[in-house]
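Report on one structure; see the data block that follows.
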Amino acid sequence: MWQDEQFGSLRIGFQTNRLLFKHQSPYQLIEVFETVDYGTILRLDGTWQCSTELEHTYHEMIVHPALTTAPSIENVLIVGGGDGGTAREVLRYPEVRNVDLVEIDSDVVKACKEHLSSIGEGAWDDPRLNLIIGDGIQFVRDAHQKYDVIIVDGSDPIGPSVGLFNSAFFESCARALKSDGVLVTQAESPRVMLDNHIGLIQTIRQHFENVAPYYQGQIIYPGGVWSWIYASQSVDRKNILRDPDPDLMIYNTEIHHAAFAIPNYVQHIINRH
Ligand code: SPD
């Protein structure tokens with residue numbers, strides 16, 4: 001049986017063996033499928049999130065550009081990321097002392113721990129991880145401490161993640177970050193969600209001095225190429241301070257520098273604003 005995500009007139013489909021889990025949480029429809037070739041896959045409100053076989057690119061790219069360049073990485077906040085993959089990558093660094101992971105939907109965490117457990121791996125049992133079930137937007141707004149790194153690993157700007165794309169949220173993030181902290185957020189497909197992508201760059205520029213989108217291919221999301229945004233007040237994203245783990249599947253220092261190359265069709269629009 002084929003299952004897909006439909007994005008306008010585009011479909012991204014997987015051949016699946018069976019449905020493992022389906023539940024309407026207070027926030028979204030959660031579905032988990034066993035695929036024929038790509039492991040177990042999570043779909044939220046009809047949109048693919050991660051598969052056990054194809055998740056590494058996304059989780060490595062959302063984490064390591066920030067974690068290799070931020071001057072300090074002791075205290076990290078993850079907003080979203082209920083599958084545990086982003087936490088797993090952050091916790092590779094022995095310098096990390098505390099990770100607050102704020103996920104709005106406890107049912108996503110439950111489903112991922114049960115059906116996609118290889119994604120979170122040991123992260124869930126790591127004493128440095130502090131899982132908070134709650135609204136990440138409110139959490140950042142009320143944050144009393146300052147983080148070294150904030151990573152926003154939400155879904156698309158619909159449903160529970162819509163507030164993770166607006167100016168007020170990034171204003172709170174700027175306040176909750178140290179002056180030499182680094183923020184990274186997932187930033188949609190530049191190819192088929194160009195307005196969202198450009199809009200997010202402009203929004204984050206209202207609150208951070210240095211704002212740079214970066215890119216990498218993704219099989220499971222519409223458009224085939226995905227993006228993240230790196231933002232800081234003072235940190236030089238080109239200055240890699242820590243060696244990446246050589247066991248990573250994709251991320252290395254050359255990928256780091258290459259990923260920040262901006263395609264012309266994006267650069268031309270950025271130049272006009
Ligand atoms: N179109 C879906 C974008 C989802 C990005 N977040 C995925 C969560 C993986 N931790």
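The values are calculated or read from the model by the stated rules, or taken from the named source; none is laboratory data. None of these values were measured; they are calculated from a predicted model. As a convention, Cβ positions derive from the backbone with ideal geometry for all residues, glycine included, and neighbour counts pool all protein chains shown. The accessibility values were calculated without ligands, DNA or RNA, using every heavy atom of the protein model including side chains. Shrake-Rupley method; radii C 1.70, N 1.55, O 1.52, S 1.80 Å.
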Of everything in region 138-149, what is among the aliphatic types (A, V, I, L, M) and closer than 12 Å to Ser72 by Cα? Give them in sequence order. Val149
Hey, among Gly81, Gly46, which residue is surrounded by fewer than 24 Cβ atoms within 10 Å (Cβ to Cβ), within 13 Å of the ligand (Cβ to nearest atom) and not charged (D, E, K, R)? Gly46
Could you figure out which of (1) surrounded by 18 or more Cβ atoms within 10 Å (Cβ to Cβ); (2) out of contact with any helix residue (DSSP H, G or I) (no Cβ under 7 Å at 6 or more places or on another chain) isn't true of His59? (2)
Of everything in region 169-202, what is open to solvent by 20 Å² or more (accessible area, probe 1.4 Å), more than 17 Å from the chain's Cα centre (by Cα) and not hydrophobic (A, V, I, L, M, F, W, C)? Give them in sequence order. Glu171, Arg175, Lys178, Ser179, Asp180, Arg191, Asp195, Gly199, Gln202
Can you pull out every residue in region 143-197 that is over 21 Å from Tyr221 (Cβ atoms) and of a type in the set (Ser, Thr, Tyr)? Tyr147, Ser167, Ser172, Ser179
Residue pairs within 8 Å by beta carbon, gap of at least six or interchain, first lying in region 48-62 and farther than 13 Å from Gly84 by Cβ, second open to solvent by 10 Å² or more (accessible area, probe 1.4 Å) and small (Gly, Ala, Ser), listed first then second, are Ser51/Gly39; Glu53/Gly39; Leu54/Gly39; Thr57/Gly217
With open to solvent by less than 20 Å² (accessible area, probe 1.4 Å) and in a strand (DSSP E or B) as the only criterion, which of Glu89, Glu31 stands out? Glu31
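So that you can scan it fast, the table gives a plain yes or no per residue for (1) more than 15 Å from the chain's Cα centre (by Cα); (2) on the phi > 0 side of the Ramachandran plot; (3) not in a loop (DSSP other than H, G, I, E, B):
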site: Thr57; (1), (2), (3): no, no, yes
site: Ile73; (1), (2), (3): yes, no, no
site: Val102; (1), (2), (3): no, no, yes
site: Ser118; (1), (2), (3): yes, no, yes
site: Gln138; (1), (2), (3): yes, no, yes
Asp37, sole failed condition from (1) within 30 Å of His144 (Cβ to Cβ); (2) surrounded by fewer than 21 Cβ atoms within 10 Å (Cβ to Cβ): (1)
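Is it true that some residue in region 159-177 is among the charged types (D, E, K, R) and more than 16 Å from the ligand (Cβ to nearest atom)?
Checked region 159-177: at least one residue is among the charged types (D, E, K, R) and more than 16 Å from the ligand (Cβ to nearest atom).
Go over the candidates Asp247, Asp243 one by one and state the one that is acidic (Asp, Glu), open to solvent by 40 Å² or more (accessible area, probe 1.4 Å), modelled with pLDDT of 95 or more and within 18 Å of Ser72 (Cβ to Cβ).
Checking each option against the conditions leaves just Asp243.
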Residue satisfying all of: in region 134-156; exposed (fewer than 15 other Cβ atoms within 10 Å of the Cβ) and either of a type in the set (Gly, Ala, Ser) or at pLDDT 95 or above (or both); nearest to the ligand (Cβ to nearest atom) among these: Gly134
